[in-house]
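The values are calculated or read from the model by the stated rules, or taken from the named source; none is laboratory data. Remember, predicted model here, so these are calculated numbers, not experimental data. Don't worry about glycine lacking a Cβ; one is built from the backbone with ideal geometry, like all the others, and counts go over all protein chains shown.
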Amino acid sequence: MGSLRTPRENWVEEGLRALASGGVDAVRVEALAKSLGVTKGGFYGYFADRDALLKEMLDTWEREATDDVLDRIERDGGDIMDKACLAGQLTFSDRLRPIDLAIRDWARRDQAVAERLRRVDNARMGLLREAIGTVCADPDEIEARSVLAFCAAIGSHFLAADHPGRTRAQVLARASDLILNRPPSNPAQ
């Protein structure tokens, strides 16, 4: 029933898993082969070298982080604010968040990865600008609110602070309300 070769996608997926858990240095052909329970020889049937795998991993992440997210929010419908919220949930899902954070770290040391990250972040900021532009007309304020929203989404994963009497989710929901200039989601907060 199973194929004699480990499918190409399995190598990419295992590479993304290793990247998410240990950074780019953890993406090693021998370690991936061991995790997949195969010999490393099969790897070279699909990829010329480790760099080719890394490029395909980045292609996969970029597609999932932009095209797949945009396709999903169009399918689900709703107004632009609903779409922006869903895009944030998808972007920082249990699958994409650790990959995204590892790519941000990698981008600090690799200019080509930094360029990809810039392209993805620009697409994300475009959606935020469009959403926030529905509740705010001033271009400078739209940009500032978009940056605050994006920084809150990313930074919350690095923040180790406690929020006395509140959960992180409650604080982030209130921050979102403030950024979008909406009444609190839960007036009791």
Based on this model, can you work out whether ASP76 counts as surrounded by fewer than 16 Cβ atoms within 10 Å (Cβ to Cβ) and over 30 Å from ASP51 (Cα atoms)? yes
Filtering segment 14-42 down to residues that are touching a residue at least 24 places away in the same chain (Cβ under 8 Å) and more than 24 Å from ALA102 (Cα to Cα), which residue is surrounded by the fewest Cβ atoms within 10 Å (Cβ to Cβ)? VAL38
Segment 130-140 - residue that is surrounded by fewer than 16 Cβ atoms within 10 Å (Cβ to Cβ) and in contact with a helix residue (DSSP H, G or I) (Cβ under 8 Å, 6 or more places away or on another chain) and, of those, nearest to GLU62 (Cα to Cα): GLU130
Given the conditions (1) in contact (Cβ under 8 Å) with a residue 12 or more places away in the chain; (2) surrounded by 15 or more Cβ atoms within 10 Å (Cβ to Cβ); (3) of a type in the set (Val, Ile, Thr), report the number of the one that VAL171 does not fulfil. (1)
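Residue by residue, here is whether (1) surrounded by 13 or more Cβ atoms within 10 Å (Cβ to Cβ); (2) farther than 20 Å from GLU62 by Cβ; (3) at pLDDT below 90; (4) aliphatic (A, V, I, L, M) holds:
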residue	(1), (2), (3), (4)
ARG118	no, no, no, no
ASP121	yes, no, no, no
SER146	yes, yes, no, no
ASP162	no, yes, no, no
ILE179	yes, yes, yes, yes
Scan segment 43-54 and tell me whether some residue there is loosely packed, with under 15 Cβ neighbours inside 10 Å, under 26 Å from ALA123 (Cα atoms) and at pLDDT 95 or above. yes
Across segment 21-50, what is the number of residues that are in contact with a helix residue (DSSP H, G or I) (Cβ under 7 Å, 6 or more places away or on another chain) and not in a helix (DSSP H, G or I)? 5
Pick from ALA87, ALA149, ALA144: which is over 18 Å from GLU64 (Cα atoms), of a type outside the set (Asp, Glu) and within 19 Å of the chain's Cα centre (by Cα)? ALA149
Can you find a residue that is within 24 Å of the chain's Cα centre (by Cα) and within 27 Å of ALA131 (Cβ to Cβ) anywhere in segment 49-58? yes
Tell me, yes or no, whether segment 80-94 has at least one residue that is closer than 30 Å to GLU30 by Cα, surrounded by fewer than 19 Cβ atoms within 10 Å (Cβ to Cβ) and not polar (S, T, N, Q). yes
